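Please treat every number below as a calculation from the coordinates, not as lab data. If you're wondering where the values come from, they're calculated on a predicted model, not measured in any experiment. FYI the Cβ positions are ideal-geometry reconstructions off the backbone, even for glycines, and counts take in every protein chain you see.
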Amino acid sequence: MSEKLANPAPLGLMGFGMTTILLNIHNAGFYPISAMILAMGLCYGGLAQIVAGIMEFRRGNTFGVTAFLSYGLFWLSLVLLIVLPKTGLADPTPEGYMGWYLLMWGVFTLFMLVGTVNYPRVKQFVFASLTVLFFLLAARDFTGSKLIGMIAGFEGIVCGASAIYLAMATVLNEQYGRTVWPVGAR
C-alpha cells in the first residue's frame with residue numbers, strides 16, 4: 001500500500017514569505033522592529049519552516065530539507081541576535097559582523113539558486129531575489145547606508161510576495177488538479 005504524503009512546501013513558503021514581507025516593511029523604513037516581527041520570526045518564519053523541512057525529509061526531497069530547515073534556523077538565529085542583547089544575555093552584534101552573517105546567508109542562497117535550475121521559474125525568482133536581498137542587507141551593514149537598507153526593504157517585500165505567490169499557486173493548482181496560477185516552465 002502506497003502512502004500519499006502532503007506537500008509541505010506551501011507551509012514553508014508561506015512562513016518564509018509572510019515573515020520576509022513584515023521584516024522588510026521595517027527595513028524599508030515604514031515602522032520600527034517590534035514583537036510582531038519577532039513572534040513571526042520565531043513561529044511562522046522559524047518553526048513552520050522547520051516543520052516543513054522535516055516533512056520534506058520524509059518525502060525524500062534533499063533540496064526542500066536543506067532550504068526549509070536552513071531558513072527556519074536563520075529566522076530563529078536572527079530573532080536571537082535581536083533579543084539576546086535586550087535581555088542582557090549577550091552584547092549587541094556590531095553592524096560589520098552582521099554584514100558577514102548576512103553575506104554568508106547570501107552565499108548559501110546563491111548556491112541554493114544554482115540548485116533551482118530544474119524548478120519552475122517562480123521558485124527560481126524566489127531564490128534569485130533572496131540572494132539579492134541578502135547581498136543588499138550585507139552591503140547596508142558593511143557601509144551603514146540607509147539608502148541601501150531602504151532599497152533592500154523594498155526588494156525584500158518583492159521576494160516575500162513571490163514566495164507567497166508560489167505557495168498559493170502550489171495549493172490552488174493541487175486543489176483544482178490544473179493550473180490555476182502559473183509558476184513557469186520547469
Simple spin-label estimate for Y176/F57, 7 Å along Cα→Cβ, in nm, reads 3.6 nm
Placing each pseudo-label 7 Å from Cα in the direction of the beta carbon, V114 and L47 end up separated by a distance in nanometres of 3.6 nm
The helix 146-176 Cα axis meets the longest alpha-carbon principal axis of the chain at an angle in degrees, between 0 and 90 and rounded to 10, of 20 degrees
Rounded to the nearest 500, the 222 nm mean residue ellipticity computed for the chain from DSSP H runs (n ≥ 4, each -39500 (n - 2.57)) alone is -25000 deg cm²/dmol
Nearest-0.05 FRET efficiency for A6 and T93 at R0 = 25 Å, using Cβ-Cβ distance, is 0.10
Relative to the chain, whose Cα atoms define the longest principal axis, helix 49-58 and its Cα axis are tilted in degrees, nearest 10, by 40 degrees
If each K or R counts +1 and each D or E counts -1, the residues other than A128 whose Cβ falls under 12 Å of its Cβ total +1
If one compares the long axis through the Cα atoms of helix 121-143 with the longest principal axis of the Cα atoms of the chain, the angle in degrees, nearest 10, works out at 10 degrees
Sorted on mean Cβ neighbours within 10 Å (highest first), peptides 14-20, 80-86, 64-70, 109-115 come out as 14-20, 64-70, 109-115, 80-86
